[in-house]
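Notes follow once the structure below has been shown.
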Amino acid sequence: MVRPLLLGAWEWGETLRVLGIPPEAKGELDEVAGVVLALEGLDEEAFRRLELAVRGAGGAAVRGMGPLGRTLVVRATPRCLGEALEGLGGGPGSEEAREALVCLERLSAGAPDWKARGRTFPTSERCLVMGVLNVTPDSFWAGSRALGVKEAVARGVRMAEEGADLVDIGGESTRPGAGPVSTQEEMARVLPVVEGLAAEGVAVSVDTTKAAVARAALESGAVVVNDISAGRADPGMLGTVAEFGAALVLMHMRGTPATMQHLTEYGDLLGEVHRFLRKRAEAAVEAGVAPESICVDPGIGFAKTAEQSLTLVRRVGELRSLGFPVLLGPSRKSFIGAALGLPVEERLEGTAAVVALAVAAGVRVVRVHDVKEMVRVVRMAEAVLAGAGGGRG
């Protein structure tokens, strides 16, 4: 298996130590910019081919042996990585080495645009803001609930006016411990709001795990399906999304909202999230969903402890190696409350901090309740990154 790891400049010493890289190798790595690639389960031939290809193209590559096993730390420019891939050739170990280089290229490159029913969301250029619009009586934050169709449509229009690129409408709470609602009830809550916002020209996402609800919402004008089960809860979901040419958000979660907080033990958090999302993306493509219509979400707070959620925020950029835009939904969640000791009503600033870090890590969609404030945070973070040399991909 190939697992990529991003490495920030402030983490050099500790990360090299953990990965078992000799201290004297730091000078070689300092010569070029790049990312860290951790390789697990590769045979020696694949490892050797990758090392030679990177060095042959002008990059740096040093070996280590740490808790993850055999590790190669690579620092190289995107051009160097492309040349290494072209010069790799065939033979024993070449396919594994090729997979590793593709992961590195994805981490070095910008995110692709996100396609949805004839629309193109410019995720290659900037981070999008997705506004949360709950038409439920029991969502975890009372301030996010809109209980009437007129109120919900007005709130969604206001989000768009404040800068939301999409409005995500949910008719079934996904807070920890929440129980399911019937398909009929979910449709009754969601569809009039979808129709109303689509009629106003708002790009609508529907937050559902049910294929029937997704189909009805898409027929009513939605362009994105945001499925927290990643298409596992309903076998008809992936085919429905493919049929309409809609965009799809695949999120990592274990269990259901009612059971997920009892399923938080991981041997390798990032590795397991990465593998899950890769497999679900493969399943979506096999069902006919266009690769350029897929977005991935690590599922902050879904079957994750507060500490695990912080880890995901810190390392979310590693998911860019999957080759899809990455979505993060940290808004006012309990991990922020745990870190700051604050109730949901007072988590605006904590959310802003996470959103800024997400933009810096290359996240391309943030799902938030406070649209006006978070649009400003995103744009400011992007201005800082652009001023520092063109931003992050």
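The values are calculated or read from the model by the stated rules, or taken from the named source; none is laboratory data. Fair warning: this is a prediction, and the values are worked out from it, not measured in the lab. Because the Cβ atoms are built from the backbone with ideal geometry, glycine has one as well, and the counts that use them run over all protein chains shown. The accessibility values were calculated without ligands, DNA or RNA, using every heavy atom of the protein model including side chains. Shrake-Rupley method; radii C 1.70, N 1.55, O 1.52, S 1.80 Å.
Looking only at region 108-124, which residues are open to solvent by 10 Å² or more (accessible area, probe 1.4 Å) and touching a residue at least 12 places away in the same chain (Cβ under 8 Å)? Can you show your working first?
At the first step, the residues of region 108-124 found to be open to solvent by 10 Å² or more (accessible area, probe 1.4 Å) are 108-113, 115, 117-122, 124.
Answer for region 108-124, where residues must be open to solvent by 10 Å² or more (accessible area, probe 1.4 Å) and touching a residue at least 12 places away in the same chain (Cβ under 8 Å): SER108, ALA109, GLY110, ALA111, PRO112, ASP113, LYS115, ARG117, GLY118, ARG119, PHE121, SER124.
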**Item:** Boolean, ALA287 is buried (at least 20 other Cβ atoms within 10 Å of the Cβ) and more than 23 Å from LEU166 (Cα to Cα)
**Value:** no
**Request:** Read through the list (1) open to solvent by 20 Å² or more (accessible area, probe 1.4 Å); (2) at pLDDT 80 or above, then give the number of the only condition that ALA84 fails.
**Result:** (1)
**Asked** Across region 255-274, which residue is farthest from ASP168 (Cα to Cα) among those that are among the aliphatic types (A, V, I, L, M) and outside any helix (DSSP H, G or I)?
**Response** LEU263
**Request:** Give the residue that is nearest to LEU128 (Cα to Cα), with candidates limited to residues of region 206-222 that are open to solvent by less than 10 Å² (accessible area, probe 1.4 Å) and assigned to a loop (DSSP other than H, G, I, E, B).
**Result:** ALA222
**Prompt:** Which of the residues that make up region 44-81 are in contact (Cβ under 8 Å) with a residue 60 or more places away in the chain and either among the charged types (D, E, K, R) or open to solvent by less than 10 Å² (accessible area, probe 1.4 Å) (or both)?
**Reply:** VAL73
**Request:** Report yes if some residue within region 300-315 is closer than 24 Å to ALA246 by Cβ and in contact with a strand residue (DSSP E or B) (Cβ under 9 Å, 6 or more places away or on another chain); otherwise report no.
**Result:** yes
**Request:** Please enumerate the residues belonging to region 314-327 that are buried (at least 21 other Cβ atoms within 10 Å of the Cβ), modelled with pLDDT of 90 or more and over 16 Å from ALA100 (Cα atoms).
**Result:** VAL316, PHE324, PRO325, VAL326, LEU327
**Prompt:** Scanning region 242-271 for residues that are within 15 Å of ARG215 (Cα to Cα), in contact with a helix residue (DSSP H, G or I) (Cβ under 6 Å, 6 or more places away or on another chain) and in contact (Cβ under 8 Å) with a residue 60 or more places away in the chain, which turns out most open to solvent (accessible area, probe 1.4 Å)?
**Reply:** PHE244
**Request:** Return the pairs, sorted by first residue and then second, in which the second residue is open to solvent by 30 Å² or more (accessible area, probe 1.4 Å) and at pLDDT 95 or above, the first residue lies in region 274-285 and is within 15 Å of PRO235 (Cα to Cα), the beta carbons are less than 6 Å apart, and the residues are 6+ apart or on different chains.
**Result:** VAL285/PRO291
**Request:** Name the one entry in LYS333, LYS279 that is buried (at least 22 other Cβ atoms within 10 Å of the Cβ) and among the basic types (Lys, Arg).
**Result:** LYS333
**Qualifying residue in region 237-248 (condition: farther than 22 Å from THR174 by Cα and of a type in the set (Ser, Thr, Tyr))** = no
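Determine which member of the set GLU195, GLU186 is open to solvent by less than 10 Å² (accessible area, probe 1.4 Å) and farther than 18 Å from MET130 by Cβ. Even if it seems obvious, please write down each step before you answer.
Values: GLU195 fails: open to solvent by less than 10 Å² (accessible area, probe 1.4 Å).
GLU186 is the lone residue from the list that is open to solvent by less than 10 Å² (accessible area, probe 1.4 Å) and farther than 18 Å from MET130 by Cβ.
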**Message:** Looking only at region 291-313, filter to residues that are in a helix (DSSP H, G or I) and not hydroxyl-bearing (Ser, Thr, Tyr); which one of those is most open to solvent (accessible area, probe 1.4 Å)?
**Reply:** GLU307
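Could you count how many residues in region 335-352 are assigned to a helix (DSSP H, G or I) and modelled with pLDDT of 95 or more?
Filtering region 335-352 down to residues assigned to a helix (DSSP H, G or I) leaves 335-340, 344-346, 348-352.
Next cut, modelled with pLDDT of 95 or more only: 335-340, 346, 348-352.
Summing the residues that are assigned to a helix (DSSP H, G or I) and modelled with pLDDT of 95 or more in region 335-352 gives 12.
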**Prompt:** Mind checking which pairs have a first residue in region 343-369 that is in contact (Cβ under 8 Å) with a residue 24 or more places away in the chain and within 20 Å of ILE228 (Cα to Cα) and a second that is in a helix (DSSP H, G or I) and basic (Lys, Arg), Cβ under 9 Å, 6 or more apart or different chains?
**Reply:** VAL363/ARG320; ARG364/ARG320
**Message:** Within region 237-254, does at least one residue satisfy the condition of being in a loop (DSSP other than H, G, I, E, B) and polar (S, T, N, Q)?
**Reply:** no
**Request:** Consider SER309 carefully, then state whether it is at pLDDT 95 or above, more than 21 Å from ALA160 (Cβ to Cβ) and touching a Gly at 6+ places or on another chain (Cβ under 6 Å).
**Result:** yes
**Any hit, region 199-209, residues being in contact with a Ser or Thr (Cβ under 6 Å, 6 or more places away or on another chain) and either at pLDDT 95 or above or among the aromatic types (Phe, Trp, Tyr) (or both)** = yes
**Asked** In region 353-393, what count of residues is obtained for those that are under 21 Å from GLU318 (Cα atoms), of a type outside the set (Val, Ile, Thr) and at pLDDT 95 or above?
**Response** 8
